[in-house]
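Trainee: Pasting in a structure now, in structure tokens, and then I'll have a few things to ask.
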Amino acid sequence: MIWATFAILSLVAFAIVLYPVRMAGSGMLTRSDTVPKILADQMQEVQRDLDRGLISEAEAQAAQLEIKKRILSTLRQSESAPANGAAGGRKGILIAAIFAPLFAVVYYTAMGSPDIPSLAFAERTEERAQNAEVTELAARLRERLITDPDGGPSEGWMLLGQTYQRMGRLDEAIAAFETVAKRPDATSATFSMLAEAVVIANDGVVIPKALREIDRALELDPRNPAATYFQSLYFLQREQPRKAYELLLSRLDEEETFAPWMEVYAQQINRIAAEEGLPAFQTPMARGRQPGPSAADVAAAADMTDEDRADFIRSMVSRLAARLEDDPEDLDGWMRLANAYSVLQERNLAIEAYRKAQALLEEMPSDDPRRAVVREALEQLGG
């Protein structure tokens, strides 16, 4: 009985394989199906780095533009690729479809057993395929950069460094970041991202090399939240917890509105306060400025439930919206508000805020990168 079942299953599998092969090939999976998905993941990673304060908005837009160019390039290459190998490929599939079931039956007869437990092979195969794809893309990007007569764009090297860092290839990530760090267009984010890679490569220890990059980042932008955090980590590792504590509090006090990186600050401050017996967040945030969260608010957010934290963030968004009613010419404020509404899945409010920003952009230069950001956001929201 079991062999009859196997025969039926083999015929079904054969039919499934044969049907698309006989078609025109329109259903074949190509690189244009897979590569854009991976590049889209990198787009999301850039957005997360922006939310964490690791890069500026201008750098995020530049990186996203580079990724979009690569997506378009991949799609164009796919569209222009010759299809002269398709017939031979379909013939090979037909042969495999006929002989694979026969081979499987023979092999199972000799080696198989229904009592052997199955393995999550499909999951491992998919993961390996994704890793191989990312590795190949990284290699291709590096090749393009090193063969560029002009040395390759800085945005490309930064993207390569981030990719290597996510892959755990930290030495190569550091080398990519250092390429940009040596250039005159290196920004504060360049040095803070290089410092982060060095710290990770040294098991979380802020070694002198990392400290030098932190100092360079803060020299260019004293408000760089990532560099400030690693500087506080350096103080903490040098048994100067109070200095680390005061540095983080001081940086929080400079902010007017809530940002995602504040939760990381709050958690670190809470740990130091608990270990050293220090008072919790006595310094008010943005004293005398527009309404915003106090340092105590941010501290409390670290211990909130997901629901309470969502309510807390909504209250911060409401304060920003109220401030914009008094200052409707704040273009970046409207863009931050629109992005916040998008995160909260308030589609109509996000569209309204983006349209406010779009109206203000009419008075800006035609090459202002924020025009493309707003236009694409409205397209995604269907507005």
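The values are calculated or read from the model by the stated rules, or taken from the named source; none is laboratory data. Just so you know, these numbers come straight off a predicted model, no measurement behind them. Backbone-built Cβ (ideal geometry, glycine too); neighbour counts: all protein chains shown.
Trainee: Looking at (1) surrounded by 16 or more Cβ atoms within 10 Å (Cβ to Cβ); (2) free of Cβ contacts under 8 Å to residues at least 24 places away in the same chain, which one does A359 not meet, given that it meets all the others?
Mentor: (1)
Trainee: Let me ask something additional. Does region 158-174 contain at least one residue that is more than 15 Å from K209 (Cβ to Cβ), modelled with pLDDT of 95 or more and among the hydrophobic types (A, V, I, L, M, F, W, C)? Even if it seems obvious, please write down each step before you answer.
Mentor: Narrowing region 158-174 to residues more than 15 Å from K209 (Cβ to Cβ): 158-169, 172.
Keeping just the survivors that are modelled with pLDDT of 95 or more gives 172.
Retained after the next criterion (residues that are among the hydrophobic types (A, V, I, L, M, F, W, C)): none.
The answer is no; no qualifying residue exists.
Trainee: Can you pull out every residue in region 153-173 that is surrounded by fewer than 20 Cβ atoms within 10 Å (Cβ to Cβ) and within 12 Å of Q42 (Cα to Cα)?
Mentor: Correct list: R166 only.
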